[in-house]
Every structure is written in C-alpha cells, then in structure tokens.
1. Can you pull the one-decimal nm distance between simple spin-label points at residue 38 and residue 541, each 7 Å off the Cα toward Cβ?
2. Shape of the range 454-515 from its Cα gyration tensor (a ≥ b ≥ c, root eigenvalues): rounded if a/c is under 1.5, otherwise prolate when a/b > b/c, or oblate?
3. Taking amide H positions as placed in the peptide plane 1.01 Å from N, state which residues far from residue 515 in sequence (5 or more) or on other chains have amide H under 5 Å from it.
4. Using a Förster distance of 60 angstrom, determine the FRET efficiency expected from the C-beta separation of residue 193 and residue 472, and round it to 0.05.
5. Using a 10 Å cut-off on Cβ atoms, rank the peptides 487-498, 49-60 from the highest mean neighbour count down.
6. Find how much the distance from residue 518 to residue 345 grows on full extension, using 0.36 nm per residue of separation minus their present alpha carbon separation; answer in nm with one decimal.
7. Please compute the modelled spin-label separation between residue 60 and residue 46, points set 7 Å along Cα→Cβ, answer in nm with one decimal.
Amino acid sequence: MSKLLPYLCLVLLMVGCSTPLVPEARLPELPRAEMPDRLLLECLRADWQILGRRDVSDKARARAQHRYNDNLLVLLRRMRYDATHDADGQVAGEKQGVQVHHQFMRKELPLHVVYDDMIPAADVELDALKERYTISGLGVPMVGIVPSRKLPRNLKDAFPVATRGTVSSVTAVLQFPKAGPPELLLNLRHRTENIRVGAMQYRLAGDVSAALEVYWDLTRLKDDRMLGLLNPQELRDTTGLSCIETYDPNKIPVILTHGLMSSAGTFDNLVNRLLSHEEIRRNYQFWYFNYSSGVAWTQIARRYRDALAQVRERVDPEHRNPNWERMVVVGHSMGGLITHYSQCEEPWNILKGATGLNQRRLAAYLDAKYVDTPFADVRMETLRRDYFFRPVQAGLVVYMATPHRGAPMARYRIVELFTRMVKLPQTLVQEAINITTLQQDMLLLNPGNALAWFTSVNQLAPDSYSISGLQRLKVRSARTHSIIGDRGEGNSPQSSDGVVPYWSSHIAWGTESIVPADHSVQDVPETAEDMRVLLLDYSRRNPAVHIRRRDGVRW
C-alpha cells in the first residue's frame with residue numbers, strides 16, 4: 001500500500017486539476033419551443049412597465065418583480081449558452097435582439113472587451129465558503145470573468161488584476177426604452193445599490209458569495225499554500241497586492257495579509273461575512289497581499305511596503321486621496337508580524353544585537369534615520385531597503401493570532417527538520433551572500449546561519465534576532481485591536497490557540513478580544529462579528545472621503 005501511495009496522490013491531484021473552474025453554460029429547463037425568446041421578451045417588457053408605475057399595489061409589484069427576475073435568468077442562461085455553443089460565434093444578445101451595455105468608469109464597453117464569461121450567480125455552487133449571502137432585489141446577479149490578457153492597457157489601473165485574472169460581481173437588468181431595442185445593463189454591484197425604473201426606485205439584487213467563490217477557484221491561490229513555504233520561487237507570479245473588484249477611490253482600503261503555510265484565500269469566509277453588511281460594502285474595499293511564506297517576514301515586509309506604494313502610484317499618483325491614509329491593515333499570524341514591523345518607527349534598530357553582524361561597521365548607519373538614497377557602501381544596500389524605511393500610514397491596525405514575541409514551536413526539532421526542505425529564491429540566496437560580507441567569518445564557518453536569516457520559520461523563534469529586536473521598536477500611533485484564540489477553553493491569560501500562546505499574541509497597546517478558536521481565528525464567525533463592529537465604528541468616526549472622478553481611469 002505504501003508503494004502505491006505516491007501514485008494515488010498523483011491521481012487525486014490530476015482529478016482535482018481537472019475540475020472545471022466555472023460552471024458549464026447550459027440551457028435552462030424552460031425550452032425555447034415552449035417559450036420563444038420573442039415571447040420571453042414580451043413578458044419581461046410587461047413586468048418592467050408594471051414595476052415603473054406608482055399606482056400598483058405592493059403585492060402586484062412583488063409578483064411582477066419575481067416574474068421579471070425568473071424570466072431574465074432564463075434569458076441570460078440562453079444568451080450564455082448561445083455565446084459559447086453557437087457555430088457562428090454570436091456575441092451575447094445578438095440572437096435575442098438585445099443591446100448589452102456595461103457601465104464602467106463612465107464608459108460603455110462591449111461585453112467581450114472586459115469579460116471572458118458571464119455566469120449567473122445562481123449557477124455557482126459554493127465549496128470554499130461556508131455561507132451564502134444574497135441581497136433580494138431587482139435583477140439577476142452575475143459573475144464576470146476578467147482575464148488580465150483581455151484588459152486594454154488604459155484599463156489596467158482600474159483593475160488591480162493578479163496574473164491569473166479576477167472577477168466582477170454585477171447585477172443584470174433588462175430595461176425597455178420607449179424607442180429602440182431592449183438594453184441589458186450590467187451594473188457593478190460594489191458601486192451601485194439601487195436602480196430607477198420609471199417613477200420607482202428599486203434595490204438591486206446581489207450575490208455576495210458567488211464572485212468570491214469563483215475568484216478562489218479561478219486563481220487557485222489556495223492550492224499554493226504548501227508550495228509557498230517549500231519553494232517560494234515557484235510562486236513569484238502569484239505574489240503581490242490584488243483586489244477582486246475594480247478600484248474604487250471612494251472606499252477605504254482594507255489590506256489583508258495571510259500567515260505561514262497559507263495564502264490570501266485564508267480570508268475567504270471572513271470577507272464573505274463582512275461583505276454581507278451594506279454599510280461595510282459601501283465604505284470599504286478589500287485587498288489581499290499574497291506572498292511566498294518560506295521567506296523571512298522581515299524581507300516579506302519590504303515587498304509588502306513596495307506593493308502598497310506601487311499600487312497607490314498606479315491609482316492615486318498625486319496622493320490626493322486621503323482614504324489611503326485611513327487604510328485598515330489586517331495581519332493573521334506571520335502576516336501580523338509583517339504588519340507590525342511595517343508600522344514601526346526607526347525600524348533599523350531591530351538590527352541591534354543581531355548575532356554575527358559586524359556591529360562596529362553597522363553602528364555608523366544605525367543613527368542615519370530614514371534613508372531614501374543608497375548608502376555609500378554598496379554592501380549595505382540590501383539592509384537599507386529592508387530596515388531603513390518609513391512606517392506604513394494606517395488608521396486601524398488589526399492583529400489576528402499574531403506571535404509578536406515569537407512562537408515556541410519554531411524551535412521544535414521536527415520543525416527545524418522541516419525548514420531544511422525550504423528552497424529559497426535565487427535572489428534571496430544572493431542577498432544572504434551579500435549580507436555575510438558584513439558578518440565575522442560566518443560565510444566560511446557556518447553558511448547555514450546566513451541562509452537562516454531568510455527563512456520564515458527561523459525568524460519566528462522567540463530568541464531570533466528579528467523577534468527580539470521587534471520588542472525594542474516603537475510603533476506609530478494608530479487604533480489597534482488584537483483578536484486572539486483560546487480554543488474555547490476560556491483560560492486566558494494562560495491560553496494558547498495551539499500555535500501561539502496568549503503571552504505572545506497579547507500586546508500592551510490597543511484593545512483585544514478572545515474568540516473560541518484555534519490558530520485559524522480568521523475563519524470563525526466570532527472574528528467576523530468583531531471585525532464588523534470595528535469597521536462600522538471606524539467608518540462612522542472616519543468616514544470615507546468621496547473623490548471627484550477624473551476622465552479616464554485615474555482620479
């Protein structure tokens with residue numbers, strides 16, 4: 001049996017990879033022979049007219065809306081099937097005589113310019129997400145597949161698209177002008193809550209969960225959790241900062257950073273639960289920082305800061321949008337250390353007392369304050385980029401199961417053996433070699449110690465230079481909250497989440513809450529409720545600033 005195990009694993013992997021990323025286009029149960037497209041459009045027009053009148057009872061209005069939504073779903077399924085199965089390659093809507101409009105950044109773009117596919121949310125089955133959140137209203141929720149290759153260059157800034165693409169949550173509404181053919185309007189759901197029909201206004205229907213589910217299936221980020229630890233080089237194309245939605249300058253960014261042996265997908269249920277609240281949808285936009293977790297968190301923190309700076313340079317190059325200063329940063333586990341360190345003032349002081357470093361040579365630089373230009377000694381350049389930086393400006397900082405004082409398990413023998421399997425990217429190996437030139441005989445006597453600087457697990461040990469040095473650093477002033485798991489035992493401060501003990505997760509500043517969870521605190525409903533309260537209170541005290549949009553895709 002043991003000999004067959006590798007082959008069995010390979011078969012299971014192949015089966016998993018063959019699973020379709022999105023549901024197949026299919027014809028609805030209502031056949032065209034029974035309800036032709038022309039008759040379906042007539043029924044939709046009749047209900048649209050009823051919905052636009054004031055002199056209609058609530059009961060009649062509800063019936064009309066129900067019929068309208070059901071019939072529109074039938075039409076959309078037919079349109080999707082026709083677009084993918086017809087030999088003549090008709091564009092969606094041509095067969096039915098429907099004009100399709102996608103309102104995007106004050107521009108109306110053809111459907112095929114932005115999307116590869118448009119899937120009815122009702123056809124998306126949940127797998128990663130534990131709950132489904134829908135919004136009752138007018139229209140049919142849809143999920144649009146947005147591949148990066150399809151975006152025109154002038155739209156790239158509006159879609160912070162990861163290498164493998166992203167999705168859009170839209171609500172389709174078929175409207176009937178007094179003249180001309182019917183118009184299918186695709187409304188970006190995260191931008192629009194209501195729509196006017198004649199003399200009446202209706203809330204748009206929505207499906208919060210469907211787009212998130214398709215996103216995680218499409219990007220396959222969850223499949224890379226172990227790979228990110230053992231071979232970070234393989235994940236270089238999926239790392240960085242991304243957002244599922246098109247960039248919205250009128251919302252406060254929430255930056256979510258995952259932990260060790262994890263990925264951005266670890267926040268799927270948390271974000272799903274938070275987006276079920278209209279006020280949070282209206283005020284916040286969720287971004288994910290994904291990284292190779294086999295790399296030391298001090299090095300990842302530099303990439304984190306660089307990613308934030310690069311994205312803001314793309315979407316707010318003149319730094320006129322104050323919502324970026326009101327940013328919310330959230331870090332789980334090692335992601336909390338990345339967040340913590342990036343909030344520190346005079347972060348170079350973490351190097352004081354670092355084992356092996358030539359402190360005499362380093363002393364001249366530790367009083368240099370913030371350094372924006374290269375050091376005269378080129379061998380110091382790697383250290384300058386990693387340790388001499390200005391703290392990230394954030395208005396609210398949330399730590400989840402964060403080992404501020406380290407995790408004792410990082411020194412367990414089995415963990416030490418496991419870390420030897422980590423393959424560092426060549427760029428970081430070169431950085432290690434460069435740094436060893438500043439260390440006393442380390443390269444000749446014990447090169448393994450040099451590489452240990454750049455592996456994540458080694459830097460989580462309580463006695464590591466990074467954890468010890470972090471305790472000496474001053475953190476910039478910001479509202480701070482910690483969410484700590486106690487595995488439901490209710491024994492804090494003697495508690496542990498199974499990985500990080502309370503004495504390491506607890507910090508002296510800010511507020512905290514204890515949730516009945518293991519180390520995966522981000523995945524339980526109690527954490528989502530804590531976050532909901534925090535975000536609602538924060539947005540009421542610090543409302544998002546509405547920015548006047550400029551022409552094009554930048555503001």
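Just so it is clear, none of the values below were taken in a lab; they were calculated from the coordinates. If you're wondering where the values come from, they're calculated on a predicted model, not measured in any experiment. Methodologically, a virtual Cβ is constructed for each residue, glycine included, from the backbone with ideal geometry; neighbour enumeration extends over all protein chains shown.
1. Distance between the two pseudo-spin positions: 6.4 nm.
2. oblate
3. 484, 485, 486
4. Values: r = 48 Å, r/R0 = 0.80.
So, using R0 = 60 Å, E works out to roughly 0.80.
5. Result, highest mean Cβ count within 10 Å first: 487-498, 49-60.
6. 59.1 nm
7. 1.4 nm
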